[in-house]
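The values are calculated or read from the model by the stated rules, or taken from the named source; none is laboratory data. In this text, all values refer to a predicted model and were calculated from it rather than measured experimentally. With ideal geometry, Cβ positions are generated from the backbone for all residues, glycine too; neighbour counts draw on all protein chains shown. In case anyone asks, the SASA skips ligands and DNA or RNA and just uses the protein heavy atoms, side chains included. Shrake-Rupley method; radii C 1.70, N 1.55, O 1.52, S 1.80 Å.
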Amino acid sequence: QVQLVESGGGLVQSGGSLRLSCVASGSVSSINNMGWYRQAPGKQRELVATIYNSGSTNYLDSVKGRFTISRDNAKNTVFLRMNSLKPEDTAVYYCNARSVLNSYWGQGTQVTVSS
C-alpha cells in the first residue's frame, strides 16, 4: 500500500503561482510513476502532469509551459509548480501514484484562482 498526502493548495489571483507537494509513504519502491490530476466542479477528472521513474514527464496541453512536475526521491515527494495561473485552473488537485497492479490517490487539495 501507498499513502499520499498533498499540500500547498490555496487561493491565488490570476497570474499568480502555487506549488503543490505530495509526500508518499508505505510501499514507495513499488511506484512506477506519479502524477497530478485535477477535477473542476461538474467536470471529469483530468490528468495534468506525470513523472516517470526515468525522469521523463508529460503534461496536459493547456498547462504546458506554465506547470512543472518534479520530484525529490530522497523525500519521496512530488511537486507541481504552477505559474501564470488562470481561473480555469481552479479545481481540486489530486496526487496519484501507480504501481504495476494498483493506483493510489491522495485526498486532494483545492486550488482557486480568482480573476
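Considering each residue of segment 56-69 in turn, none proves to be in contact (Cβ under 8 Å) with a residue 40 or more places away in the chain and farther than 26 Å from Ser115 by Cβ.
Set side by side, the residues Val5, Val48 differ, and just one is of a type in the set (A, V, I, L, M, F, W, C), in contact (Cβ under 8 Å) with a residue 40 or more places away in the chain and under 17 Å from Thr90 (Cα atoms), which is Val48.
In segment 44-63, is there at least one residue being in contact with a helix residue (DSSP H, G or I) (Cβ under 8 Å, 6 or more places away or on another chain), open to solvent by less than 70 Å² (accessible area, probe 1.4 Å) and of a type in the set (Val, Ile, Thr)? Yes, there is a match, as at least one residue in segment 44-63 is in contact with a helix residue (DSSP H, G or I) (Cβ under 8 Å, 6 or more places away or on another chain), open to solvent by less than 70 Å² (accessible area, probe 1.4 Å) and of a type in the set (Val, Ile, Thr). Applying a threshold of 7 Å to beta carbon distances and a minimum spacing of six or more residues, or different chains, the list of pairs starting in segment 10-26 at a residue that is open to solvent by 50 Å² or more (accessible area, probe 1.4 Å) and ending at one that is of a type in the set (D, E, K, R) and modelled with pLDDT of 95 or more reads Ser14/Lys86; Arg19/Arg81.
Scanning segment 65-85 for residues that are open to solvent by 60 Å² or more (accessible area, probe 1.4 Å) and touching a Gly at 6+ places or on another chain (Cβ under 8 Å) yields a single hit, Ser84. Looking across segment 51-89, the residues that are among the polar types (S, T, N, Q) and within 22 Å of Leu4 (Cα to Cα) come down to Asn53, Ser54, Ser56, Thr57, Asn58, Thr68, Ser70, Asn73, Asn76, Thr77.
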